[in-house]
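**Student:** Can you keep this structure in mind? I'll have questions shortly.
We did not get these values from a lab; they are worked out from the coordinates using the rules stated. Please read these numbers as outputs of a predicted model, since none were measured by experiment. Here the Cβ is made from the backbone with ideal geometry for all residues, glycine too, and neighbour counts use every protein chain on show.
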Amino acid sequence: MTVTTIKHDVKDLSLASQGNKRIAWAGREMPVLRQIRERFAQEQPFKGIRISACCHVTTETANLALTLQAGGADALLIASNPLSTQDDVAASLVADYGISVFAIKGEDNATYHRHVEVALDHHPNIIIDDGSDVTTALVLHRSAQLGEIIGTTEETTTGIVRLRAMLADGRLPFPAIAVNDAETKHFFDNRYGTGQSTIDAVMRATNILLAGKVIVVAGYGWCGKGVALRARGLGANVIVTEVVPVRALEAVMDGFRVMPMAEAAKLGDLFITVTGNKHVIRQEHLELMKDGAMICNSGHFDVEIDLVALKNMSQDVRLVRPFVQEYILPHKSLIVLGEGRLVNLAAAEGHPASVMDMSFANQALAAEYLVKQKGKLAPGVIPVPADIDQEIARLKLQAMGIAIDRMTEEQVTYVNSWTEGT
Ligand code: ADE
């Protein structure tokens, strides 16, 4: 293999050796995926299968790509966000492992969409998606290729919301596995991964002290819970905003102040959106914010903060540190981190490998399941089979050296019976 024969669009292939070391470093924290990779190398479940993966191109995703490749897949990788690519990782995957990668940190939207087309030009049998952009483009623009698709797997809450909307519109003609909804995914990746990596990004970008700050977390789904928990752990005074009554109640009982954004806007030193919805922070809120308030987003798309409104309210915008923009308004300035894109991947390295181990074990096993069940699964959004979810948890515990109890025969009989009561 020579690099020139591998199709790619990456920033700089000379970054490969640094990327290679970092991929190996992440791999040390991914024992579940490693075991799957070893089995795939023996069993070759993806022999003759083309996979297009649209993920954040990180050290963890590299370990997933190598797992798919070990299983015999003809795998191609594109970025799922213009700002999340780690250029050294992209270089190493091409130069050291011969995997086609189309991803450059800071690529413009036109390049991003060109790369989505490349993913479809690969004529995938399986799409591994993060946000559903490739799946949506396939359904909207490549109907001739629909017959080639075995199925897709989706990483995020946002992507699953889109898939369900497609299904409701009668536009989802293949099985799509909701990887995000696996317990070994969202309990850990969304909560502990987003929690830690978002706070990490704020600290790397700004170096501010979080203790004593008022941090407003918009959204109390699994990601919001993680961010609020970690912010409190660092001594911040955390306010939660929500639109779902049960989640708002949960936040109250978890000990957070809960109020509408219009009230929180006046109090916050730092705002973090993690709702998956649009314009959660808009002009009416921006007008109320304190001088110097900081705003960032850890939701999938860069729609949560109305940046167009903020731009229109501003006299000037300047970059004051990497990933830190100061918007100068007539009587105050507001700070936006990571251009309103996923701050944890733009200004830090995304979730740590130890949680991505389980997320990507789900991706790898969901893709294998699609191949094994080819032709047998009905179109629609389908869960990761419960036995896969439990097996991932079992392997993770085993790798951590943690043993747990097993039910006795008597207990198995008891939980499966209905006659024994008071
Ligand atoms: N999403 C969040 N963190 C990630 C990571 N480290 N790699 C890939 N996708 C991610």
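**Student:** Non-local amide H neighbours of V324 (under 5 Å, H modeled in plane, Pro and chain starts lacking H): which ones?
**Tutor:** It is G338, by chain and number.
**Student:** With +1 on each Lys and Arg Cβ and -1 on each Asp and Glu Cβ, how big is the dipole of region 305-400 about its Cα centre, in debye rounded to the nearest 20?
**Tutor:** Working: 10 positive and 10 negative charges, 26 e Å.
Result for region 305-400 is approximately 120 debye, rounded to the nearest 20.
**Student:** Which of R34, R28, R321 has the fewest other C-beta atoms within 10 Å, and how do the rest follow up to the most?
**Tutor:** Working: R34 19, R28 11, R321 14.
Starting with the residue having the fewest Cβ neighbours, the order is R28, R321, R34.
**Student:** Looking at region 194-346, what % of its DSSP beta bridges pair antiparallel, to the nearest 5? All intermediate terms of the calculation are to be shown ahead of the outcome.
**Tutor:** On the way: 10 of 29 bridges.
Given both bridge residues lie in region 194-346, the antiparallel proportion sits at roughly 35 percent.
**Student:** Continuing with the same structure: Could you please rank K372, K185, K266, K213, placing first whichever residue has the fewest other Cβ atoms within 10 Å of its Cβ?
**Tutor:** Values: K372 10, K185 29, K266 13, K213 18.
Taking fewest neighbouring Cβ atoms as first place, the list is K372, K266, K213, K185.
**Student:** Out of T206, T156, T67, any idea which swings most in a Gaussian network model of the chain, alpha carbons joined below 10 Å?
**Tutor:** Among T206, T156, T67, the largest mean-square fluctuation in the Gaussian network model of the chain belongs to T206.
**Student:** Something else about it: Give the percent of DSSP beta bridges with both residues in the chain that are antiparallel, rounded to the nearest 5. Could the numbers behind the result be given before it?
**Tutor:** On the way: 10 of 54 bridges.
Percent antiparallel among DSSP bridges in the chain is about 20.
**Student:** In debye, nearest 20: dipole of region 103-224 around its Cα centre with unit charges on the Cβ of K, R (+) and D, E (-)?
**Tutor:** Numbers: 10 positive and 15 negative charges, 76 e Å.
It works out to roughly 360 debye.
**Student:** A further question on this structure: If the reach is capped at under 18 angstrom between alpha carbons, list the aspartates and glutamates near K332, excluding any in the same chain fewer than eight residues apart.
**Tutor:** The qualifying aspartates and glutamates are D269, E284, E287, D291, D306, D316.
**Student:** What's the exposure ranking of F271, F46, F301, going from fewest to most Cβ atoms within 10 Å? Show your work: numbers first, answer last.
**Tutor:** Details: F271 30, F46 24, F301 17.
Ranking F271, F46, F301 by Cβ neighbours within 10 Å, fewest first, gives F301, F46, F271.
**Student:** Let me know the charge dipole size of region 194-346 about its Cα centre in debye, to the nearest 20, where only the beta-carbon of Lys, Arg (+1) and Asp, Glu (-1) is charged. Please list the in-between numbers first.
**Tutor:** Details: 16 positive and 15 negative charges, 52 e Å.
Using Cβ point charges on Lys, Arg, Asp and Glu, region 194-346 gives about 240 debye.
**Student:** Moving on to the next point. Hey, can you grab everything whose amide H is under 5 Å from the amide H of V258? Only 5+ residues off in sequence or another chain; H modelled, so Pro and N-termini drop out.
**Tutor:** For V258, whose amide H was placed from the backbone, the distant partners under 5 Å are V240.
**Student:** Would you mind checking K278/K311; K11/K290; K105/K278; K21/K185; K11/K372; K47/K105 for any pair whose Cα atoms are more than 28 angstrom apart? Before the final figure, lay out the partial values.
**Tutor:** Details: K278/K311 17 Å; K11/K290 39 Å; K105/K278 24 Å; K21/K185 26 Å; K11/K372 37 Å; K47/K105 31 Å.
Pairs exceeding the cut-off: K11/K290; K11/K372; K47/K105.
**Student:** Between D133, D316, D200, find the one with the highest GNM mean-square fluctuation for the chain; connect C-alpha pairs within less than 10 Å.
**Tutor:** Top of the fluctuation ranking is D316.
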